[in-house]
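Every read-out reported here was derived from the displayed coordinates using simple, explicitly stated rules and does not represent laboratory data. Please read all numbers here as calculations on a predicted model, not as lab measurements. FYI the Cβ positions are ideal-geometry reconstructions off the backbone, even for glycines, and counts take in every protein chain you see.
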There are 2 protein chains.
Amino acid sequence: MKKVTINSVASHAGVSKKTVSRVLNNEPNVSAATREKVLAVFKELDYTPNPIARGLAQNRSFIIGCLYDNPSKSYITRVQTGALEACKENNYNLLIHPCEFRGEALINNIEQLLQTSRLDGIVLTPPFGDFAELASFLKSKKIPYARVASALLQDDSISVRSNDEQGAFEITEHLINLGHKSIAFIKGHPDHSATQQRFKGYRRSLASHGIEFDERLVEEGNFSYHSGVDSARSILDLSPRPTAVFASNDYMAAAVLKLATQRQLKVPDDISIAGFDNAPIARHIWPGLTTIAQPVEEMTKQAVTQLISHIAQPQEQPYQVTLESRLITRESTSAIK
Amino acid sequence: MKKVTINSVASHAGVSKKTVSRVLNNEPNVSAATREKVLAVFKELDYTPNPIARGLAQNRSFIIGCLYDNPSKSYITRVQTGALEACKENNYNLLIHPCEFRGEALINNIEQLLQTSRLDGIVLTPPFGDFAELASFLKSKKIPYARVASALLQDDSISVRSNDEQGAFEITEHLINLGHKSIAFIKGHPDHSATQQRFKGYRRSLASHGIEFDERLVEEGNFSYHSGVDSARSILDLSPRPTAVFASNDYMAAAVLKLATQRQLKVPDDISIAGFDNAPIARHIWPGLTTIAQPVEEMTKQAVTQLISHIAQPQEQPYQVTLESRLITRESTSAIK
DNA sequence: TGACATTATGACACCGGTGTCAGGAATTTA
DNA sequence: TAAATTCCTGACACCGGTGTCATAATGTCA
C-alpha cells in the first residue's frame with residue numbers, strides 16, 4: 001500500500017497536478033467532464049490531501065489554539081467541546097494550551113507557542129480575553145483571535161459572551177424574592193471580567209429593592225474550591241449570620257455548602273446557597289445548587305466558527321454576540337422562615 | 001518584519017541551508033567554528049524552524065492524538081495534563097479527539113482522523129486501550145500508539161497502568177477492617193478493563209476474610225453519576241441494608257452519598273461509602289469520600305514520553321509499567337457501630 | 001611526502017501541495 | 001467568418017525544510 005498523493009491522482013486521471021488541485025479546492029475553470037474524472041479517481045484511490053503539504057504551501061496549519069488558565073476542569077472541558085465542534089465542521093484541529101495568566105512570561109510563552117506550532121488562530125478563554133497586552137501582541141503578530149466569555153469591548157475583535165451581570169442580577173432577585181435581605185457574596189478571581197460583572201449584578205438587584213449594600217458581607221474568592229472554603233469560614237462566622245450566600249461560581253458555592261453542613265447547618269433551612277455556571281457539581285451534591293446556566297459550549301463554538309471564517313475571509317465585520325443565560329433553581333435555596 | 005527561514009539564516013551565515021539544517025538537528029560533521037557562527041545567526045535573527053516544512057520533509061506532524069470517551073471530565077483533564085507535559089518536553093503538540101467508543105463508525109472515524117491530521121502517534125485512554133480491533137487497525141496503518149490505564153497484555157505495545165485490582169482490594173480491606181461484612185459494590189462501565197479488575201479486587205478481599213460473596217449486593221453501573229443514582233436506589237432499598245457501599249468510581253460514590261443524604265441517612269454512621277479515582281468531587285463534598293488515588297497524570301505522561309521516543313526509535317522494547325495507587329481515607333467511611 | 005581515510009560542506013532533488021502565468025480551445029461578438 | 005473574449009489546462013516555480021551524494025578540506029599513517 002503505497003501513498004496516494006496528488007501526483008498519483010494526476011497521472012491516474014491523465015491530468016496535471018494543478019488541475020487536481022483545482023478540483024480539490026472547488027476552484028472554477030475546470031470542465032465538468034474533467035472534474036468528474038478527477039473525482040472518480042479520488043474515490044478509486046481513496047485520496048485525501050496531505051494537510052501538512054497544503055499548510056506549507058499556504059503557510060497555514062489548520063490548527064486553532066485554545067488558551068486557558070482556569071481552575072474549573074468542567075469549564076475547560078465544556079470550552080473544549082464547543083471548540084472541537086466548530087473545528088470538526090471546518091476540518092480544523094484543536095491544540096490545547098493551558099498556561100499561567102500571571103507573569104511576564106506569558107507573552108514569551110505565547111510567542112514560543114506561535115513559533116513552534118504556527119497556529120492559524122487562537123481562542124482566548126477567561127481570563128485571557130480581557131488582557132489587552134495579549135490582544136495587541138496577537139494583533140502585532142497578525143494572529144487572528146476570538147474572545148470567549150470576556151468583557152464587551154468597542155473593538156473589532158470576535159467576541160461571544162453571555163450576560164454575567166444580568167445572570168447575577170436574576171439569581172439575586174430570586175433570593176430577594178424568597179425573602180432574603182442579608183445576602184453574602186463571594187467574588188471570583190480579580191483577573192476575570194466576569195467577577196466584576198457578577199458583582200455588579202448582585203449590587204444592582206440589592207439596590208433595586210432598596211437593600212443597603214453591606215461590604216462586610218462580601219468576600220474575595222478566586223473561583224477555586226479552596227478559596228470558597230476560606231470565604232465560607234468568614235461568612236459563617238458573621239454575627240448575625242447572613243440568611244443566604246451567593247457565590248460567584250458553583251465550586252465556591254459547593255465549598256460553602258460543605259462547610260455549612262460540617263457545622264451542622266441545614267441548607268436551605270438555616271442558610272440558602274446559590275452558585276453560578278451550572279457546573280456538574282451543582283447537581284452532584286445534596287442539596288443541589290441553585291445556579292445560573294450559561295451556554296459555554298455554544299459560546300465557544302460560535303467564537304471558533306467565526307474565527308475560522310475570519311481566517312478565510314479577514315475583511316469581515318466584528319462579530320460580537322451576547323447569549324442568554326438562565327436561572328436554574330434547585331434545593332439549595334428556599335424562602336426565609 | 002519579514003519571515004526568517006532557513007534560507008535567510010544560511011545566506012546571513014554564509015553557509016548552505018543544508019549546513020544550517022545540520023546545526024539545527026545536532027548532526028555530526030559540522031566544524032565547531034561553523035556551528036558557532038550559525039548558532040550566532042540563530043540568535044541574531046531570532047530564528048525558529050517551521051515545523052510544517054519540517055513535517056513535510058520528514059512526513060511527520062509532531063502531533064500526538066489523544067483519544068477518549070469518558071464521562072469524567074476531571075479524568076479527561078488529568079489525562080490531558082499528563083500528555084501535555086510529555087509533549088511540551090519533546091516539542092510535540094497534543095490534539096484531542098473525543099469520540100464514541102461504541103459502534104461500527106469508530107474505525108472509520110479514526111481513519112478519517114489519521115488522514116486529516118497525519119498524527120505521529122496516538123494515546124489510547126480507557127476504554128480504547130482495551131479494544132483489540134483498534135490496536136490491530138493502528139498496527140496495520142503503522143501508527144504507533146500507547147495505552148494508558150488499560151489491561152496488561154502480553155504484546156509489544158507501550159502501556160502504563162496502575163493496579164486496579166490491588167487498589168480495589170485495599171479499599172475493601174479498609175472497609176472490612178472497620179468491621180463491615182455486608183459491602184455493596186457498584187460496577188463500572190463494562191467496556192473498561194478497570195471494571196473487571198476492581199470487581200476482582202473486591203471479591204479477593206471478601207474471600208480472604210471468608211466473607212461470602214453475595215451477588216444481590218452487586219449493581220451494574222457505567223461510571224456516570226447518573227448510573228450511580230440508579231444503583232444507589234437499588235442498594236438502599238435492600239433489606240437488610242448493607243453497612244457499606246464501594247462504588248467503582250467517585251462519581252457513582254457521590255451519587256450514593258447524595259441519595260443516602262436525601263433519605264436522611266447519616267454517612268458514615270448509618271452507611272459507609274467508598275469510591276475510586278480520587279476525583280475532585282471526593283473532597284468537594286461532605287463527608288469527603290474515602291477513595292483510591294491513581295497517578296493518572298504520571299501514567300499518561302510516561303506513556304506519551306515513551307510513545308514519542310518510540311516514534312524516534314521504533315526498535316525499542318515494549319514499555320509496560322504498573323504504577324502504585326494509594327488509599328485515601330476521608331470521612332465517608334467509619335467503623336461499624 | 002605520498003596514499004588513504006575521515007571530516008566538512010554544498011548542490012540538488014524531494015516532500016505534496018498551491019500560485020502564477022502562458023497558451024490553446026471554446027465561445028461570443030461584430 | 002474573422003476577431004475578441006472567456007474558459008481550460010498544464011508547465012514551472014515555490015513554500016521551508018531534509019536526504020543523498022559528490023567533492024573539497026583536513027587528518028593519519030607508512
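Please work out the Cα center distance from the stretch B:55-70 to the stretch B:248-288, rounded to the nearest Å.
Cα centroid to Cα centroid, the span is 39 Å.
For the stretch B:114-128, what does the Karplus curve 6.51 cos²θ - 1.76 cosθ + 1.60, with θ = phi - 60°, yield as ³J(HN,Hα) per residue in whole Hz, taken in order and with x for Gly and Pro?
5, 6, 8, 10, 6, 5, 7, x, 9, 9, 9, 9, x, x, 5
Using the alpha carbons of the stretch B:258-337, what is the convex hull volume per residue in cubic angstrom, as a whole number?
Convex hull of Cα atoms, per residue: 97 Å³.
For B:92-99, what's the mean count of beta carbons from other chains sitting within 10 Å of each residue's beta carbon?
Across the residues of B:92-99, the mean count of other-chain Cβ atoms within 10 Å is 5.
Looking at chain A only, what percent of DSSP beta bridges run antiparallel? Nearest 5 please.
If we restrict to bridges inside chain A, about 10 percent are antiparallel.
Where nothing but the Cβ of Lys and Arg (+1) and of Asp and Glu (-1) is charged, how large is the charge dipole of the stretch B:1-90 around its Cα centre, in debye to the nearest 20?
240
Using a 10 Å cut-off on Cβ to Cβ distances, tally the other chain neighbours for every residue of B:211-221 and report the average as a whole number.
0
What does the charge count around A:A105 come to, taking other residues whose C-beta lies under 13 Å from its C-beta (Lys +1, Arg +1, Asp -1, Glu -1)?
Value of the local net charge: -4.
Please list, in chain and number order, the residues 5+ apart from A:E220 or on another chain whose amide H is under 5 Å from its amide H, with Hs placed from the backbone.
Correct list: A:K187.
Please compute, for the alpha-carbon atoms of chain A, the extent along each of the three principal axes and give them in descending order in Å.
Principal-axis extents of the Cα atoms in chain A, largest first: 86, 38, 34 Å.
Amide H neighbours of B:S159 under 5 Å, counting only residues 5+ apart in sequence or on other chains, H built in-plane at 1.01 Å?
B:R147, B:Y319, B:Q320, B:V321
To the nearest 20 Debye, how big is the dipole of chain B about its Cα centre, given +1 on the beta carbon of each Lys and Arg and -1 on that of each Asp and Glu?
The calculation lands at about 1120 debye.
Would you mind classifying the protein assembly as shown by shape? Square roots of the alpha carbon gyration tensor eigenvalues, ordered a ≥ b ≥ c; an a/c under 1.5 is rounded, otherwise it is prolate if a/b is larger than b/c and oblate if not.
Note, shape of the protein assembly as shown comes out oblate.
If one takes the longest principal axis of the Cα atoms in chain A, at what angle in degrees, from 0 to 90 and to the nearest 10, does the Cα axis of helix A:250-262 lie?
30
What whole number of Å gives the distance from the Cα centroid of the stretch A:171-239 to the Cα centroid of the stretch B:128-184?
Measuring centre to centre over Cα atoms gives 45 Å.
Mind pulling the angle between the C-alpha long axis of helix B:193-208 and the longest principal axis of chain B? Nearest 10 degrees, somewhere in 0 to 90.
Value to nearest ten degrees: 40.
Starting from the Cα gyration tensor of the stretch B:164-293, take the square roots of the eigenvalues, sort them a ≥ b ≥ c, and report rounded, prolate or oblate (rounded when a/c is under 1.5, otherwise prolate if a/b is larger than b/c, else oblate).
rounded
Could you state the angle between the C-alpha long axis of helix B:32-45 and the longest principal axis of the C-alpha atoms of chain B, as a value from 0 to 90 degrees rounded to the nearest 10?
Roughly 70 degrees between the two axes.
Restricting to the stretch B:194-337, what percent of DSSP beta bridges are antiparallel, rounded to 5?
Around 40 percent of the beta bridges assigned by DSSP in the stretch B:194-337 are antiparallel ones.
Going by average Cβ neighbours within 10 Å, how do the peptides A:7-14, B:180-187 rank, with the highest at the top?
Descending mean neighbour count gives B:180-187, A:7-14.
What is the sum of charges around A:E165, taking Lys and Arg as +1, Asp and Glu as -1, for the other residues whose C-beta is under 9 Å from the C-beta of A:E165?
Once all neighbours under 9 Å are counted, the net charge is +2.
Would you kindly compute the Cα radius of gyration of the stretch A:6-49 and its largest Cα-Cα separation (Dmax), both in Å?
Using the Cα atoms of the stretch A:6-49, the pair Rg, Dmax is 8.9, 24 Å.
Peptides B:18-31, B:256-269: what's the order by average Cβ count within 10 Å, highest mean first?
For the peptides B:18-31, B:256-269, the packing ranking is B:256-269, B:18-31.
Could you give me the ³J(HN,Hα) list for the stretch A:222-229, computed from phi with Karplus coefficients 6.51, -1.76, 1.60 and θ = phi - 60°, whole Hz, x at Gly and Pro?
Running phi through 6.51 cos²θ - 1.76 cosθ + 1.60 with θ = phi - 60° gives 8, 6, 7, 4, 4, 5, x, 4 Hz.
Please compute the average number of Cβ atoms from other chains found within 10 Å of each residue's Cβ in peptide A:260-271.
The per-residue average across the peptide is 1.
At a Cα cut-off below 16 Å, give the lysines reachable from B:K88, other chains included and same-chain residues fewer than 8 away excluded.
The reachable lysines, counting only those whose Cα sits under 16 Å from B:K88, are B:K301.
Can you bin the stretch B:117-216 into rounded, prolate or oblate? Criterion: square roots of the alpha carbon gyration tensor eigenvalues sorted a ≥ b ≥ c, rounded for a/c under 1.5, prolate for a/b above b/c, oblate for the rest.
prolate
May I ask you to work out the translational diffusion coefficient for the stretch B:149-188 at 4 °C, viscosity 1.567 mPa s, via Stokes-Einstein with Rh from the Kirkwood sum over Cα pairs, reported in whole µm²/s?
It diffuses with D of about 105 µm²/s by this estimate.
Taking just the alpha-carbon atoms of the stretch B:1-78, what radius of gyration and Dmax come out, in angstrom?
Taking only Cα atoms of the stretch B:1-78, I get Rg and Dmax of 18.3, 57 Å.
Treating cross-link reach as a plain straight distance, find the lysines whose alpha-carbon is under 17 Å from the alpha-carbon of A:K3, omitting any fewer than eight places away in the same chain.
A:K17, A:K43, B:K139, B:K141, B:K142
Of all beta bridges DSSP finds with both residues in the protein assembly as shown, what is the antiparallel percent, to the nearest 5?
Restricted to the protein assembly as shown, the bridges split so that about 10 percent are antiparallel.
Label points 7 Å out from Cα along the Cβ direction at A:E220 and B:H209: separation in nm?
4.9
Just order B:118-129, B:191-202 by mean Cβ neighbour count inside 10 Å, highest at the front, would you?
B:118-129, B:191-202
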